[in-house]
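The values are calculated or read from the model by the stated rules, or taken from the named source; none is laboratory data. Source: prediction; values computed, not measured. Neighbour counts run over all protein chains shown; Cβ positions are idealised from the backbone, glycine included.
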Amino acid sequence: MTTTDPRSRSPLWRHRGFLTLWAGESLSQFGAQLAHVAIPVLAVSLLQATPFQVGVLGAVDTAAFLLIGLPAGAWIDRLRKRHIMLTADLVRAAVLAVVPILWITGTLEFWHLYVVGAVLGTATVFFDVAYQSFVPVLVPSASIGDANGKLESSAQIARIGGPAAGGALLTILAAPFVLAATALTYFASFLFLSRIHDEETLPDRAERRPLHREIQEGLSYVLRHPLLSRITAATSINNFFATIATTMLPILVLRELSLSPAVMGVVFSVGAGGGLLGALVAPWVASRLGEGTTIPVSCLAGGLFLLMIPAATLVPGFAVPILVAAEFGLAFTVLVYNITQVTFRQRVCPPRLLGRMNASIRFLVWGVMPIGSLLSGVLGTVLGVVPTLWIGSVGALLAALPVLFSPLLGMRRLPDA
């Protein structure tokens with residue numbers, strides 16, 4: 001009995017440009033997960049951050065999506081997307097390399113983290129928007145869903161191994177030196193991206209219009225589309241309230257529950273296995289439930305799993321397995337939701353609007369996150385960490401309403417352009 005090599009079923013296994021992109025992104029995703037553990041430990045344990053400072057730090061990290069997200073999309077549609085990604089990788093590597101230098105010289109202060117977060121966030125805006133707009137340029141339309149699934153699978157593998165590795169490294173290295181490892185992964189991503197040969201063609205300069213008109217065109221496309229507008233509303237509300245909850249998560253784990261950084265890393269890693277599973281089975285789930293139905297169902301389920309995080313404080317003796325289950329289920333539903341709706345966005349949008357469409361959605365769904373982080377810091381100071389987590393979790397659950405009461409529910413196949 002013979003078996004079919006799975007690589008023969010996907011043309012992407014023979015697509016050199018995509019494989020190079022995939023390799024570079026896998027490394028940078030792993031490094032980003034190291035930072036996901038190291039930065040909270042640096043802030044909370046080494047620099048003794050207050051809940052409000054943690055909230056401000058979270059706001060600074062994502063403020064760029066609110067402040068420059070819309071013009072970034074218009075600029076990206078005018079430039080070569082791969083070149084933007086290369087520049088962003090170099091900037092991210094350089095700014096993270098500064099942190100261990102400041103630590104070694106004894107000059108690292110909390111405000112430095114604000115600066116690093118702002119620069120890192122700005123570079124990430126340009127990279128992420130260019131990245132999502134580059135995939136449809138690099139691979140054929142029929143392979144976009146497959147490409148997203150593979151990229152998200154490796155991202156989830158990084159979320160499994162990265163936090164555990166970060167937690168282990170933090171037992172022998174100070175947090176700033178773990179950030180140096182992240183800087184190296186961004187530089188490795190730069191090297192891989194520099195080897196890609198794409199066939200992107202820039203739009204004719206004569207067709208350019210004033211920047212504000214191009215921004216308006218992208219935003220109007222999102223807000224007037226009957227399905228994209230619903231998805232964007234649900235994602236925006238969810239991100240706002242989930243940010244309120246998760247901003248307090250490091251303080252909950254490290255202070256309220258008195259768990260170690262290593263345990264926090266293990267919780268995130270094991271939980272991220274749900275994301276890997278979600279990335280692998282998202283097409284299968286969409287084929288069984290229907291592409292449209294998958295979006296509201298996964299959004300609602302994600303809210304239910306998020307509620308388990310504050311519920312862990314009710315039974316502290318079982319906090320670790322509850323947190324693991326919550327992270328596992330949350331990561332699974334988020335990945336199923338994201339792969340389904342991002343693939344739909346990339347399929348349905350005209351190519352000339354890809355950058356502005358992605359930037360407009362990022363502005364709307366990520367721009368609320370710095371506001372959520374700041375509010376989380378205020379609520380955590382005034383009400384306490386656990387009540388803030390309950391407020392965020394309940395709000396995230398209600399975020400499913402725009403897609404539950406929409407044509408998406410019951411839709412077997414989402415439309416193409």
Matching residues, the range 46-74, being over 20 Å from Val378 (Cα atoms) and surrounded by fewer than 20 Cβ atoms within 10 Å (Cβ to Cβ) = Leu46, Leu67, Ile68, Pro71
Out of curiosity, is Gly58 small (Gly, Ala, Ser), modelled with pLDDT under 85 and in a helix (DSSP H, G or I)?
-> yes
For the range 109-131, enumerate the residues that are crowded, with 20+ Cβ neighbours inside 10 Å and more than 18 Å from Phe363 (Cα to Cα).
-> Leu113, Val116
Of the numbered conditions (1) polar (S, T, N, Q); (2) modelled with pLDDT of 80 or more; (3) out of contact with any His (no Cβ under 9 Å at 6 or more places or on another chain); (4) farther than 30 Å from Val44 by Cα, Ser153 fails exactly one; give the number of that condition.
-> (2)
Looking only at residues in the range 76-99 that are in contact (Cβ under 8 Å) with a residue 60 or more places away in the chain and of a type outside the set (A, V, I, L, M), which one is surrounded by the most Cβ atoms within 10 Å (Cβ to Cβ)?
-> Arg92
Looking at the range 363-411, which of the residues that are surrounded by fewer than 23 Cβ atoms within 10 Å (Cβ to Cβ), in a helix (DSSP H, G or I) and not hydrophobic (A, V, I, L, M, F, W, C) is modelled with the lowest pLDDT?
-> Thr381
The range 335-359: number of residues that are under 23 Å from Ala64 (Cα atoms), of a type in the set (Val, Ile, Thr) and crowded, with 24+ Cβ neighbours inside 10 Å = 0
Which of the residues belonging to the range 196-245 are within 30 Å of Leu27 (Cβ to Cβ) and modelled with pLDDT under 90?
-> Ile196, His197, Asp198, Glu199, Glu200, Thr201, Leu202
Pick from Val135, Val91, Val129: which is part of a helix (DSSP H, G or I), among the aliphatic types (A, V, I, L, M), under 30 Å from Leu170 (Cβ atoms) and out of contact with any strand residue (DSSP E or B) (no Cβ under 9 Å at 6 or more places or on another chain)?
-> Val91
